[in-house]
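Below you'll find the structure, written out as structure tokens, and then a few comments.
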């Protein structure tokens with residue numbers, strides 16, 4: 001996993017009425033602290049099936065840490081580390097989040113500043129992504145970097161592209177092995 005990225009398993013509490021899941025707690029030091037990982041705001045986005053929010057570019061923040069959860073639908077979150085001096089510089093991680101992971105496979109992914117990131121919905125229904133960033137929205141901290149400029153590569157050497165993920169997921173629905181699910 002990319003240095004400083006956190007993948008935290010969420011506890012799903014299920015009973016005959018439904019489920020309750022705690023999504024962020026002040027006593028999770030790997031995901032929250034008042035000094036460096038405070039709470040800034042909360043928002044959610046609903047994204048249509050097979051859609052990426054940015055088709056050909058990464059999101060990046062210089063100051064903000066993001067905390068993603070996908071409680072409905074399914075999405076693949078892509079993370080790429082371009083940071084100078086990072087022990088995982090050049091590494092690409094793909095993390096599948098969402099309801100099809102089952103009760104034991106619900107996660108929060110913490111994305112530190114300067115790690116490139118994005119997501120694509122890989123379910124036949126829209127996906128709901130919750131984010132608990134550390135800062136209020138700030139246009140000056142909202143960066144985009146094209147996939148070609150970042151030059152992130154898949155394990156087989158191909159350039160990263162959402163179409164590769166979509167094709168894999170569509171094939172997986174028939175018979176292929178899944179993208180590695182996050183391990184807490």
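FYI, it's all coordinate maths here, none of it is from the lab. A quick note: this is a predicted structure, and the numbers were derived from the prediction, not measured. All Cβ positions, even for glycine, are placed from backbone atoms using ideal geometry, and neighbour counts span all protein chains on display.
Report the full-extension gain for the segment residue 63 to residue 15: residue separation times 0.36 nm, less the Cα-Cα distance, to one decimal in nm.
Numbers: separation 48, 0.36 × 48 = 17.28 nm, distance 3.97 nm.
Fully extending the segment from residue 63 to residue 15 adds 13.3 nm.
Mean-square fluctuation check for the chain, GNM, Cα pairs under 10 Å: which of 50, 58, 28 is largest?
Its mean-square fluctuation being the largest, the pick is 28.
For the pair residue 125 and residue 56, how long in nm is the line joining their label points, each one 7 Å along Cα→Cβ?
3.3 nm
Add -39500 (n - 2.57) for each DSSP H run of 4 or more in the chain, then divide by its residues: what number comes out at 222 nm, to the nearest 500 deg cm²/dmol?
Calculated from helices alone, the mean residue ellipticity at 222 nm is -2500 deg cm²/dmol.
Give me the percent relative contact order of the chain, please, defined on Cα pairs under 8 angstrom at least 6 residues apart.
Numbers: 397 pairs, mean separation 58.5, N = 184.
Reported relative contact order: 32 percent.
Pop out the Kirkwood hydrodynamic radius of the chain from its pairwise C-alpha distances, inverse of mean 1/r, in Å to one decimal.
16.9 Å
Suppose the Debye formula is applied to equal point scatterers at every Cα of the range 98-181; what is log10 I(q)/I(0) at q = 0.15 Å⁻¹?
-0.78
In a Gaussian network model over the chain where Cα atoms closer than 10 Å are linked, find which of 152, 38, 139 has the largest mean-square fluctuation.
The residue with the greatest mean-square fluctuation here is 139.
Work out how much length residue 84 to residue 142 would gain on full extension: take 0.36 nm times their residue separation and subtract the Cα-Cα distance, in nm to one decimal.
Gain on stretching residue 84 to residue 142: 18.9 nm.
Report the residue, chosen from 134, 125, 65, that carries the largest GNM mean-square fluctuation when the chain is represented by alpha-carbon nodes joined by springs under 10 Å.
125
So how many Å³ per residue does the convex hull of the Cα atoms of the range 22-124 work out to?
120 Å³
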